[in-house]
Structures are given as structure tokens and as C-alpha cells.
């Protein structure tokens, strides 16, 4: 079972609660949001960029916007998780307030995994506060603000050197994002950055973890999620973001996100299981 939770009081947050992830297999993908999740039962494999590890109950995973990642079941073993998707611009504003930095925009965090019990507990508490039937908008907003303020204080930003991206690859990625809803060929991207198609494929994958085509599909899926959250029809969204038809969108959406566009779109307010997982489930 899988449920999404959204609430107008905290439009910058979306939560996915998966009670049994054995059937949920994810292709490598990314999100435009910052993502932080708690593994509440079982084990899974966790891929983030070049690193891969086995994670278990009590673990917390963190994915910066645009980070290519995947979490998948281990040999059909039951596992469960809760993932929070956080608007990057909202979080960037908090970062600026707390760190008084001059850099605009979201600053990536260095940490992609944590076994910190207190962080897991804080995330667990936030989930149950937000999804409680008697939770008011003011309580929701305050709880979310306090958690992410503490998270920013707790985590270190990625160093400037680690953030450095080759100019040509940055230009190629920006070109794909700008034109992702159009019919875009590899030759178009290569021409835009003045590189040969074969070199672009190799260099782009080394930099971004996806080929230019894979990155294009990923951008379209992110755009599709935005439109689906607004309640637009699936066929309309498929045409708008550049997929051949509704079936094409459905197939790639499910392969990457382990849910269908219809399931993602049709989320009632506060549709989540609010049962608290026993803390004893941790290893």
C-alpha cells in the first residue's frame, strides 16, 4: 500500500507513506524537490549518485534536488518508508535566513544518509503531527518550520568545490530543462553546447548520472508531477509535457516513481496512514 499526503496549509510539503514496498521498484530518477525519508521497517538498497548502500529501519535518507537516486527492495523482503518532498525554494529561503549567506537558491547538503536516532525520531514526530486528524493549520506550519530549521542547523552544506559543474554540462542540462516539453533530439542538445553527440552522452552521464535522453525523461516526469498535483487530466498532461500519449506517460511514470499518474493525481487531503510505527522496529 502507498499513500500520498498533501495539505493546503503546507503547500511546500508532500509526503508519501509506503507500508509494503516489496512491489515498488524504482528506476534511477530525481526530483525537483529536496527529499528526506525515514525507513520504518525492513531493508532496501539505496543508490544516490555514485554511492550505494544497504539501509534498514531507523535510517534516514536525504536527496538534494536533481540528485539521481533509487531505493529498491531486497530479495522481496518487506520494507516500509515515509518520504517528505520539500519545495526547494521554500527551503532555500530558510537556509538564507539561518546562514546569512550571500548565495541565492538552494544550497545542497553534504549528507545523503543518516543513522542518527534523534533525526529519525524528529521526522517520525513531524509525520504524526502533520497527519493527525485534529492538527490545525497553525500547528502544521509551526511543526514543519521548526523541523526544517533544526535540519539546516544540523547538516553541513556541500563544499563549493563539490558543487562545481562543468560549464558545458550545466549548459546542456539547462537547455534540456528549458525545452523538455518539446520534441528534442540529441543533435539539438549537442549543437546547443557545441559538442559531438557521442562525447555529450559520455560526459553528461558522468556528470549527472543519466544520459541526456534519461535526463530529458526525468525533466518531463517532474513537470508531469507539477501538473498532476494541480488536478489536470492525465492525457492532457502527457501531451503538455512531451510524451507521445497517455500510455507512454503512465509506463515511464510508474517505472521511475513506482506509482501511476492516476494514483498520484487523485490524492484526497490528508490521505495518509497515521499509525505510529513501533520504535522497536529499528535494528
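The values are calculated or read from the model by the stated rules, or taken from the named source; none is laboratory data. The shown structure was predicted, so the numbers you read here are calculated from the model rather than taken from an experiment. Note that each Cβ is placed from the backbone with ideal geometry, even for glycine, and that neighbours are counted across all protein chains shown.
With closer than 16 Å to residue 155 by Cβ and outside any strand (DSSP E or B) as the only criterion, which of 94, 62 stands out?
94
Can you pull out every residue in the range 8-25 that is crowded, with 20+ Cβ neighbours inside 10 Å and touching a strand residue (DSSP E or B) at 6+ places or on another chain (Cβ under 9 Å)?
13, 14, 15, 16, 17, 18, 21
Restricting attention to the range 26-35, and to residues there that are touching a helix residue (DSSP H, G or I) at 6+ places or on another chain (Cβ under 7 Å) and part of a strand (DSSP E or B), which single residue is surrounded by the most Cβ atoms within 10 Å (Cβ to Cβ)?
Filtering first and then ranking leaves 34.
Would it be correct to say that residue 4 is touching a helix residue (DSSP H, G or I) at 6+ places or on another chain (Cβ under 8 Å) and touching a residue at least 24 places away in the same chain (Cβ under 8 Å)?
It is true that residue 4 is touching a helix residue (DSSP H, G or I) at 6+ places or on another chain (Cβ under 8 Å) and touching a residue at least 24 places away in the same chain (Cβ under 8 Å).
Could you look through the range 167-183, keep only residues that are out of contact with any helix residue (DSSP H, G or I) (no Cβ under 6 Å at 6 or more places or on another chain) and in contact (Cβ under 8 Å) with a residue 24 or more places away in the chain, and pick out the one that is surrounded by the fewest Cβ atoms within 10 Å (Cβ to Cβ)?
Top of the filtered list is 183.
Check whether at least one residue in the range 59-70 is within 25 Å of residue 212 (Cβ to Cβ), assigned by TED's automatic domain parsing to the domain that holds residue 114, in contact (Cβ under 8 Å) with a residue 24 or more places away in the chain and surrounded by fewer than 16 Cβ atoms within 10 Å (Cβ to Cβ), and report yes or no.
There is no residue in the range 59-70 that is within 25 Å of residue 212 (Cβ to Cβ), assigned by TED's automatic domain parsing to the domain that holds residue 114, in contact (Cβ under 8 Å) with a residue 24 or more places away in the chain and surrounded by fewer than 16 Cβ atoms within 10 Å (Cβ to Cβ).
Using the structure shown, decide if residue 103 is outside any strand (DSSP E or B) and either under 12 Å from the mean Cα position of the chain (by Cα) or within 22 Å of residue 148 (Cβ to Cβ) (or both).
Yes, satisfied.
Mind checking which residues of the range 177-218 are over 18 Å from residue 244 (Cβ atoms), assigned to a loop (DSSP other than H, G, I, E, B) and within 20 Å of the chain's Cα centre (by Cα)?
209, 210, 211
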